Amino acid sequence: MKRLRDRDDLERMRQEALSKRPERFISLGMGTASRAHGAEAVYETLKDEVTRRGMDVPVKATGDHGLCGYAPVMVIYPEGLLYHSAKPSDVSDILDALERDEVVDRLLYANPLTKETFTYEKDIPFYKKQMRLVMGLMESVESLSVEDYLCYGGFSALAKAMLDMEPQAIIQEVISSGLRGRGGAGFRTGWKWEDAANRSSPIKYIICNGDEGDPGAYMDRCLLEGLPFEVLEGMIIGAYAIGAHEGFVYVRKEYPLATHNVQEAIGVLKELCLLGNDILGSGFDFDIQVVRGGGAFVCGESSALIASVEGRVGEPRSKHVHATESGLWGRPTVLNNVETLANVPFIVDRGGEWFASIGTKESKGTKVFSLAGDIYNTGLVEVPMGITLREVVYDIGGGIQGGNAFKAVQTGGPSGGCLPDSQLGLPVDFDTLDAAGSMMGSGGMIIMDENTCMVDVARYFVKFLTEESCGKCVPCREGLKHMLEILNRITQGEGTMEDVDLLDELGYVVAHASLCGLGKSAPNPVLSTLRYFRDEYVEHVRDKKCRAGVCKALVRYEIDAQACTGCRVCFKACPVDAISGEPEEVHVIDQGKCIKCGICKDVCKFDAVKVV
Amino acid sequence: MAMAEVMVENLEKSVEEVMARHGNNPARMIEILQDLQDIYGYLPEEVLKEVSRQTEVPLARVYHVATFFKAFTLKPRGKYTIQVCTGTACHVKGSYRVLERFEDVLGIKPGDTTNDLYFTLETVNCVGCCALGPVVIINGRYYGHVSPVQVGSLIKEYREQ
């Protein structure tokens with residue numbers, strides 16, 4: 001690849017790429033979620049078959065398109081025709097139809113409730129209410145093709161920032177945009193940059209935080225996999241604005257593909273000299289290294305992350321001195337989340353004022369959420385701040401699966417909270433979610449139906465946080481352990497009403513006395529479920545009942561004699577031979593033998609196994 | 001025993017090579033240990049001692065790092081590593097039931113390896129495929145929407161390979 005010495009070189013490369021840009025192409029989502037659904041085999045078959053037929057249709061391997069529950073998803077351009085759940089055996093039908101200008105009906109998206117089918121991506125309700133900004137190029141740009149990224153305006157913000165703007169002007173643009181950190185805390189990015197820029201140290205660092213530890217959140221994975229150039233462009237602009245010459249991308253070890261793609265993308269930028277010395281002739285030098293995380297949730301916290309980049313264990317420290325003053329190796333350091341950095345090129349390109357026109361008063365721009373749990377359309381969605389939770393759950397998410405009733409939406413990861421139906425009218429923004437006892441967090445949004453036990457959910461999160469607590473400060477280490485013991489007692493039917501009150505009290509202490517964000521927010525799942533679902537706690541304690549049928553000690557499996565046909569499927573499937581009964585006669589579960597694994601319920605075709 | 005001897009013999013060189021890959025920079029400790037674990041499958045005591053010797057970082061600190069992060073294991077692993085995702089979305093979809101089945105069938109708890117060194121059972125907190133929950137990963141291969149019913153046949157499939 002040719003070295004880009006100045007803006008002319010960049011623009012020449014862009015023009016060349018544009019002259020070769022195909023009108024018609026097939027975009028296939030190839031992120032981790034798609035690969036788990038067999039996208040690689042579809043990709044190989046598609047490429048081979050296109051070549052064999054001599055068709056002039058490039059196949060682009062892109063990041064996940066968002067509709068992850070329906071992967072592999074492919075979109076045929078320029079029409080924007082969307083096929084989902086494609087298998088290698090579907091490829092020849094897809095290409096036949098393309099050659100004949102027809103459509104393969106069976107692969108079109110159908111609304112799970114109304115069965116209405118949609119031919120074009122833009123008409124599908126899942127996409128209609130979204131506002132795709134940072135994810136906007138996900139489908140058109142092949143993840144590792146810098147030419148593709150250039151075709152869609154890539155690096156124009158970088159050239160503008162470095163050649164036409166002073167660092168201070170960039171920071172002002174980011175301040176006026178109102179951009180807040182997308183990693184969870186929602187701190188204003190512009191202020192952070194300004195503080196670091198004002199430090200006189202000759203050595204400064206910028207770190208891109210891709211240690212996406214919140215279970216249930218995967219927008220950073222998707223951005224790093226699908227649009228690594230966009231994230232890196234934002235990072236280079238940030239480095240220029242604060243005067244850092246060295247940067248680190250910290251990626252979770254659980255994300256091998258993201259690590260790979262970022263590493264490759266950095267390699268390409270080095271070849272083009274968009275990283276290295278004298279970038280685009282601006283006289284500015286900057287280099288980036290990738291650091292793989294060691295798998296510790298607490299490393300998402302800035303001071304713990306910095307410690308682990310330094311090769312030490314990830315224990316946070318008190319933050320009376322900010323990282324922008326003394327961070328990595330004691331130097332001013334800016335830490336920004338992946339999604340935050342991905343917003344930067346748009347702000348530089350179109351201006352802070354434009355960005356600030358999207359969203360609510362205090363929360364600007366868009367936010368990517370990962371929708372998961374008991375809804376029809378699971379996947380990644382990008383929405384303008386201020387959209388209501390109800391719109392996200394029902395209009396975009398398609399509502400609750402299988403006609404079950406909605407129970408709660410959990411936002412903010414393990415340290416977030418669970419909100420009930422009565423709160424669904426709330427607009428999605430940092431401060432509103434905080435006030436409701438939850439938080440924006442990094443953008444995980446898990447929808448739970450009536451079969452979810454809220455006490456068990458609280459226990460699950462506290463167990464997670466107890467394991468992930470680094471153990472440095474007492475309130476977090478010991479407080480969480482006690483909260484977990486109490487929750488274990490309650491879910492085992494051994495809790496008392498005093499336990500429930502004690503949870504409130506312990507939660508208050510842990511939240512107020514812990515050292516870092518992990519401990520400070522750790523009681524949220526308990527406090528929010530106590531606030532909105534207290535009756536479930538009371539039921540567990542007083543009535544020894546788990547209405548969702550989750551807490552094993554409080555339920556038993558029984559076969560409904562009316563519904564059982566004696567088909568013997570459960571008899572054969574039971575791993576402990578607890579089921580007896582003759583063929584075509586009603587079966588019975590021996591409660592003494594039953595281990596409550598629920599397999600009989602899973603395999604029964606007549607819904608005859610009941611949890612009581 | 002033969003294996004252990006070979007390992008010790010190459011130990012010095014392996015650690016040297018890995019260190020060089022990371023610019024002989026002790027600050028890259030996590031990366032260094034990750035690469036060494038890729039070579040040995042786990043982090044034996046000898047490796048930690050050699051790393052400490054070459055990096056001049058006290059053994060206690062190397063050990064601290066090796067035991068703090070989930071990425072590292074100080075015990076040998078099985079031929080197949082079964083990771084059950086216990087992230088929130090997978091939990092809500094019943095991954096705890098899948099995990100219990102693996103525990104029952106293999107007779108081990110998460111973090112342990114079967115006596116025949118075939119299977120290591122682990123839990124992982126979210127692999128970012130929440131739409132596919134419950135997710136199980138066996139030696140890097142992803143299985144989506146796993147139900148407890150499938151567990152027996154999955155193990156059988158790998159045991160016969």
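Would you confirm, using the coordinates I've provided, whether residue A:377 is within 14 Å of chain B (Cβ to nearest Cβ), surrounded by fewer than 19 Cβ atoms within 10 Å (Cβ to Cβ), touching a residue at least 24 places away in the same chain (Cβ under 8 Å) and not aliphatic (A, V, I, L, M)? The answer is no for residue A:377. Residues in the stretch A:283-306: is at least one in contact with a Leu (Cβ under 7 Å, 6 or more places away or on another chain), at pLDDT 95 or above and more than 29 Å from residue B:72 (Cβ to Cβ)? Yes; the residues of the stretch A:283-306 include at least one that is in contact with a Leu (Cβ under 7 Å, 6 or more places away or on another chain), at pLDDT 95 or above and more than 29 Å from residue B:72 (Cβ to Cβ).
Just one of the listed residues (A:443, A:416, A:386, A:397) is outside the structural domain of residue A:32 (by TED's automatic domain parsing), more than 30 Å from residue A:611 (Cβ to Cβ), out of contact with any His (no Cβ under 8 Å at 6 or more places or on another chain) and surrounded by 20 or more Cβ atoms within 10 Å (Cβ to Cβ), and it is A:443.
The selection criterion, being within 12 Å of another protein chain (Cβ to nearest Cβ), in a strand (DSSP E or B) and touching a residue at least 24 places away in the same chain (Cβ under 8 Å), holds for residue B:137.
Check whether at least one residue in the stretch A:516-538 is among the β-branched types (Val, Ile, Thr) and out of contact with any Cys (no Cβ under 8 Å at 6 or more places or on another chain), and report yes or no. Taking every residue of the stretch A:516-538 in turn, at least one turns out to be among the β-branched types (Val, Ile, Thr) and out of contact with any Cys (no Cβ under 8 Å at 6 or more places or on another chain). Of the listed requirements (1) within 27 Å of residue A:291 (Cα to Cα); (2) in contact (Cβ under 8 Å) with a residue 12 or more places away in the chain, residue B:92 misses just one: (1).
Condition (residue is surrounded by fewer than 24 Cβ atoms within 10 Å (Cβ to Cβ) and in contact with a strand residue (DSSP E or B) (Cβ under 8 Å, 6 or more places away or on another chain)) applied to the stretch A:331-342: is it met by at least one residue? Looking through the stretch A:331-342, at least one residue is surrounded by fewer than 24 Cβ atoms within 10 Å (Cβ to Cβ) and in contact with a strand residue (DSSP E or B) (Cβ under 8 Å, 6 or more places away or on another chain). As for the stretch A:361-369, it holds at least one residue that is among the β-branched types (Val, Ile, Thr), away from chain B (no Cβ under 14 Å) and under 27 Å from residue B:92 (Cβ atoms).
One residue stands out among those in the stretch A:580-612 that are more than 14 Å from chain B (Cβ to nearest Cβ) and part of a strand (DSSP E or B): the one that is farthest from residue A:556 (Cα to Cα), which is A:580. You will find that of A:246, A:264, the residue that is out of contact with any helix residue (DSSP H, G or I) (no Cβ under 6 Å at 6 or more places or on another chain), more than 14 Å from chain B (Cβ to nearest Cβ) and of a type outside the set (Gly, Ala, Ser) is A:264 and no other. Residue count for the stretch B:121-132 under the criterion of being more than 7 Å from chain A (Cβ to nearest Cβ) and either modelled with pLDDT of 95 or more or part of a loop (DSSP other than H, G, I, E, B) (or both): the result is 1.
Part of a helix (DSSP H, G or I), under 28 Å from residue A:195 (Cβ atoms) and either of a type in the set (A, V, I, L, M, F, W, C) or in the same structural domain as residue A:380 (by TED's automatic domain parsing) (or both), is that true of residue A:158? So residue A:158 fits the description; yes.
So, of the residues in the stretch A:276-298 that are within 14 Å of another protein chain (Cβ to nearest Cβ) and in a loop (DSSP other than H, G, I, E, B), which turns out to be surrounded by the most Cβ atoms within 10 Å (Cβ to Cβ)? Looking at residues that are within 14 Å of another protein chain (Cβ to nearest Cβ) and in a loop (DSSP other than H, G, I, E, B), I get A:293.
The values are calculated or read from the model by the stated rules, or taken from the named source; none is laboratory data. Note that the structure is a prediction, hence the values are computed from the model and not measured. Note: ideal-geometry Cβ built from the backbone for every residue, glycine included; neighbour counts use all protein chains shown.
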